[in-house]
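See structure below.
The values are calculated or read from the model by the stated rules, or taken from the named source; none is laboratory data. This is a predicted model, so every value here is computed, not measured. So basically every Cβ, Gly included, is an ideal-geometry build from the backbone, and we count neighbours across all protein chains shown.
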Amino acid sequence: MSIAVDTTAPLLSLEQKKRARNVGFSLVFLGLVSAFLLAGRPGNAGFKLVDSYTVFLPAQPFARALAVALVALGAIQLFRGFGKWTNVVLAIATGTFVIAFLTWAASGGSFSLTGMLQDTVTRSVPITLGAIAGILCERSGVINIAIEGQLLGGAFAGAVLGSLYGPWVGIVGAMAMGVGLSAILAVFAIRFRVDQVIVGFAINFFSLGLTSFLAQRVLTPHPEYNIVKPFTPYAVPLLSKIPVIGVVLFTQTLFVYVSILAVVVSTWFLYRTRWGLRTRAIGEYPQAAGTLGVDVIKLRYRNVWIAGAVAGLGGAWWPLGTVGRFDQNITNGRGFIALAAVIFGRWHPVGALTAALVFGLSEAIQLKMSNLDTGIPSEFLLMAPYIVTLIVVAGFVGRSRAPKAAGQAYDASK
Amino acid sequence: MKLELRGITKRFPGVVANDNVNLALNTGEVLSLIGENGAGKSTLMSVLYGMYKPDEGDILIDGSPQVFTSPADAIAAGIGMVHQHFMLVPVFTVAENVVLGVEPTGALGRLHIDEARRMVREISDKYSLDLDPDAVIEDLPVGVQQRVEIVKVLLRDAKVVVFDEPTAVLTPSEIIEFFEIVKTLVSAGRGVVFITHKLKEALKIADRIAVLRRGKVVGEVDPKAASESQIAEMMVGRPVKLTVDKDTASVGDVVLKVSDLTVLDADGRTHVESVSFDVRAGEIVGVAGVQGNGQTELVEALTGLRKAAGGTISLDGKDLTHSNPRERHQMGMAHIPEDRQRQGLVGGLSVAENLVLTRYHDDQFSHGVIVDWDAADAIADTLISEYDIRTPSKETGVGTLSGGNQQKVIVARELSRDLRLTIAAQPTRGVDVGSIEYIHSRIVKERDSGTAVLIVSTELEEVMALSDRLLVMYRGRVVAELDPKKVTPMEVGLYMAGSRPDGAVVA
């Protein structure tokens, strides 16, 4: 005798309904912003794609048309719902809204759209690498709040060693610094089972304090220790000749290529290899792996170290990929944005890359806006990336599921 | 393969968990290890599985001593274990869980997941376990999850399979299927250790029964020649009564009336759906069901710990759907919660403090904002002796007492006043046989004094023995109301699994 128990019948989810409603209201809200704020400036906006070609969009009609479309989509979402297409609709709507915003800002003038997108990709580098560091840790069950500190440490080591021995040594030094800082996290979180969030914060403040102190006491009197020749963009043969995309993706520094490689490699390893299976297992239910003879402690140590190296590399981006020097608190919270990207990207490297690009775009737009005369105070523009973070993490991610054992110390005897 | 434990002793600070334990297991044999909670069964098995290092003694396989420093060593020596709490990663597929730790791989550690699937299918077919290698664990019923655990053990070619309380989470029909699997394993030449506290099951499946008490093997019995009460006496160390003595209920007016009650969780999922029933004065109504079918949420809604999303609850005709727990308590409702550690007791507070936890604010125990500890201590002394709470003193932290004595503290606090309704969830979970007897008799006594009693338990035998009327919950609904004297556990088990004895599917 056997009994069939149906466990697949759906349970009504209030959470999903609420989220669907929020998305509907957001669309209507964007539509209204579009109608009342963005449709206020006449004139054409020019977006330069390549040197010889600029697209002109009429700002006012574009904003009005978008307003109507957004309100209509919002209404459909509220009354019928797009179901599984909700995210696609939302992404297209938000994307178009961003274009309308740029049209409004650039009306009567023009700017290089390609340059802005290139900037987006460049600026997403430390966020992507920081987020991968976060994913590697959290997937193995260790919460890594210390990404900010690891980026900052990497930036410092990259600047000093890069100045003394050249950029390649700078990169290696930055990664070593990241490993060193993550080793502190590993020992306290894994061996001594201290609360991982608290250790992470301690490392952030330690890193900020130490690098600021050394910058003031050592780098200021010895400017020769703080001047690096950064990596210059490398144009990939053939690919860089493609219009727009060639500039955006294939005329970049080493850091962009490495960070994309890091996304591909970490995804493949996490989902296709023995290491990945075990890593995900110890992040979800370490006892299950432990009772099958997997050495949970060793694997956690190793993954936290690797994560530190990745974050250190991300930190090296500042001196070696952009400005060629270290300044106090040069990372300015990017490590926390990376943490948001981990959640937004649902603990998946590709998701994290997407999130990093969104944050990179908001930074790039902020830079462009401060050059255009829009009337928006520049202080407000500085807030933009963080506002985007809040909205994205709080509103649109829905409830994403963290690795179950993240934050819990492993005790083999339990 | 012959497995032998010789003189195993394992000490923890303050306790000797295993005291010179000797056991032997031959191939093709089922050894049942039986004992109360805290008798040292789990510690012994952790020693065998390399999770603990014994302080003294040896593990021998075919006569040669082994040193296990981790589960990996035990697995390599041919020992497999199915833990009480399944060691399965909920978001992984069956195949991923099965191969974890022994993954078939290629270059760079690339996982051959097709090979893993094939391995699962092969074992599943060989032992007719009927498993889909691509199913995700969290979507599977516990009975199927247990079969995944068995495949894990078989894949590692375990010669000795240890099952730790394997039937605790199963429905009666799943238990029968499980016993079939055990028989297949044994006939394939493997040895099985079956750890349990259920006497009937040990008698049914075991070739030999070893009884453990306070860390020692107090005897081995032949199931063909032993009775339940004999074994129970060995477990507890004194004669125990295994049946519940009660007269016919003299039923009075309706006390608890539940109409159309619906309860949701924080995510908006429905756990209790339009449930209606009454409990009358002087009767015990039991709620049976497999864990996770809404019983927890039902009790939380009745006691005011969770908001009702719809419907009404009334006590003696007064609506209390929106009353808080203290108001309900003052209207004569007692609550023995299912999880002592989280709900009924504050582990760090003393026995005396826990005993007045629900009434320290009464005039009897307080003058304004000051608690009258003398009065509280006096009542604590009375209750400790009346309810036979074994504690070094009333100042002892309640968290250090045994499960049975913790439960007695709750029972004493909740039942030692005039009541209209007693709600008891899993009243004997983790409680030793001796205390079970006592708690059951208190509950029956409460009924006989005219209180309405609602018992919620996943131990089918317990609810059937205690109740005058039996409700069965399945997926948040009451799917049957039965007379426990007129149905068999098998029939109730069918309702618990969502079907009916005539084969139709409920709800």
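Structural remarks
- Here B:LEU302 qualifies as within 30 Å of B:GLY397 (Cα to Cα), assigned by TED's automatic domain parsing to the domain that holds B:TYR474 and modelled with pLDDT of 95 or more.
- Residue that is modelled with the lowest pLDDT, among those in the range B:253-266 that are part of a loop (DSSP other than H, G, I, E, B) and closer than 16 Å to B:GLU300 by Cα: B:ALA266
- Of residues in the range A:50-85 being of a type in the set (A, V, I, L, M) and touching a strand residue (DSSP E or B) at 6+ places or on another chain (Cβ under 6 Å), the one surrounded by the fewest Cβ atoms within 10 Å (Cβ to Cβ): A:VAL55
Conditions tested, residue by residue: (1) at pLDDT below 95; (2) under 19 Å from A:GLY360 (Cα atoms); (3) of a type in the set (Val, Ile, Thr); (4) surrounded by fewer than 20 Cβ atoms within 10 Å (Cβ to Cβ).
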position	(1), (2), (3), (4)
A:LEU261	no, yes, no, yes
A:TRP268	no, no, no, yes
A:ILE297	no, no, yes, yes
A:GLY308	no, no, no, no
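- Positions within the range B:453-507 being away from every other protein chain (no Cβ under 14 Å) and of a type in the set (S, T, N, Q), in sequence order: B:SER457, B:THR458, B:SER467
- In the range B:108-150, the residues that are farther than 22 Å from B:GLU180 by Cα, at the interface with another protein chain (Cβ under 9 Å from one of its Cβ atoms) and not in a helix (DSSP H, G or I): B:ARG110, B:LEU111
- Restricting the range B:61-76 to residues that are closer than 16 Å to B:VAL153 by Cα and surrounded by 19 or more Cβ atoms within 10 Å (Cβ to Cβ) leaves a set whose member that is farthest from the other protein chains (Cβ to nearest Cβ) is B:ALA74.
- The residue that is surrounded by the most Cβ atoms within 10 Å (Cβ to Cβ), counting only those in the range A:236-255 that are within 24 Å of the chain's Cα centre (by Cα) and aliphatic (A, V, I, L, M), is A:VAL247.
- Some residue of the range B:77-93 being exposed (fewer than 15 other Cβ atoms within 10 Å of the Cβ) and more than 19 Å from B:VAL192 (Cβ to Cβ): yes
- Within the range B:351-365, the set of residues being under 10 Å from B:ARG413 (Cα atoms) and either of a type in the set (Ser, Thr, Tyr) or not in a helix (DSSP H, G or I) (or both) comprises B:VAL356, B:LEU357, B:THR358, B:ARG359.
- Single residue of B:VAL120, B:VAL102 found to be within 18 Å of A:VAL294 (Cα to Cα) and β-branched (Val, Ile, Thr): B:VAL102
- Flag for A:ARG272 being over 27 Å from A:ALA352 (Cα atoms), free of Cβ contacts under 8 Å to residues at least 24 places away in the same chain and either of a type in the set (Lys, Arg) or in contact with a Lys or Arg (Cβ under 9 Å, 6 or more places away or on another chain) (or both): no
A quick yes/no check of all residues on (1) within 27 Å of B:ALA17 (Cα to Cα); (2) among the charged types (D, E, K, R):
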| position | (1), (2) |
| --- | --- |
| B:ALA206 | yes, no |
| B:ARG213 | yes, yes |
| B:VAL218 | yes, no |
| B:SER229 | yes, no |
| B:GLU233 | yes, yes |
| B:VAL236 | yes, no |
| B:VAL244 | no, no |
| B:ASP247 | no, yes |
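- All told, B:ALA17 falls short of being outside any loop (DSSP other than H, G, I, E, B), in contact with a Gly (Cβ under 6 Å, 6 or more places away or on another chain) and either modelled with pLDDT of 90 or more or within 23 Å of B:VAL151 (Cα to Cα) (or both).
- Residue count, the range A:313-328 (criterion: of a type in the set (Gly, Ala, Ser), crowded, with 24+ Cβ neighbours inside 10 Å and out of contact with any Leu (no Cβ under 8 Å at 6 or more places or on another chain)): 1
- Cross-chain or 6+ apart pairs with Cβ under 7 Å, the range B:455-482 first and outside any strand (DSSP E or B), then of a type in the set (Asp, Glu): B:ASP468/B:GLU283; B:GLY476/B:GLU273
- Scanning the range B:213-226 for residues that are in a loop (DSSP other than H, G, I, E, B) and under 23 Å from the mean Cα position of the chain (by Cα) yields B:ARG214, B:GLY215.
- Applying the condition of being among the aromatic types (Phe, Trp, Tyr) and without any contact (Cβ under 8 Å) to a residue 24 or more places away in the chain to the range B:356-398 and asking which residue is nearest to B:VAL431 (Cα to Cα) yields B:TYR360.
- The single residue among B:GLY430, B:GLY434, B:GLY476 that is at pLDDT 90 or above, under 23 Å from the mean Cα position of the chain (by Cα) and more than 26 Å from B:SER250 (Cβ to Cβ) turns out to be B:GLY476.
- None of B:GLY311, B:GLY348 is in contact (Cβ under 8 Å) with a residue 40 or more places away in the chain and either in a helix (DSSP H, G or I) or not assigned by TED's automatic domain parsing to the domain that holds B:ARG269 (or both) except B:GLY348.
- Test: residue in the range A:330-353 that is without any contact (Cβ under 8 Å) to a residue 12 or more places away in the chain and over 30 Å from A:TYR225 (Cβ atoms): yes
- Residue match in the range B:155-169 (condition: in a helix (DSSP H, G or I) and in the same structural domain as B:LEU33 (by TED's automatic domain parsing)): yes
- Failed condition for A:GLY95, given (1) not assigned by TED's automatic domain parsing to the domain that holds A:VAL296; (2) not in a helix (DSSP H, G or I): (2)
- Filtered by the rule that a residue be among the polar types (S, T, N, Q) and part of a loop (DSSP other than H, G, I, E, B), the range B:370-395 gives B:THR391, B:SER393.
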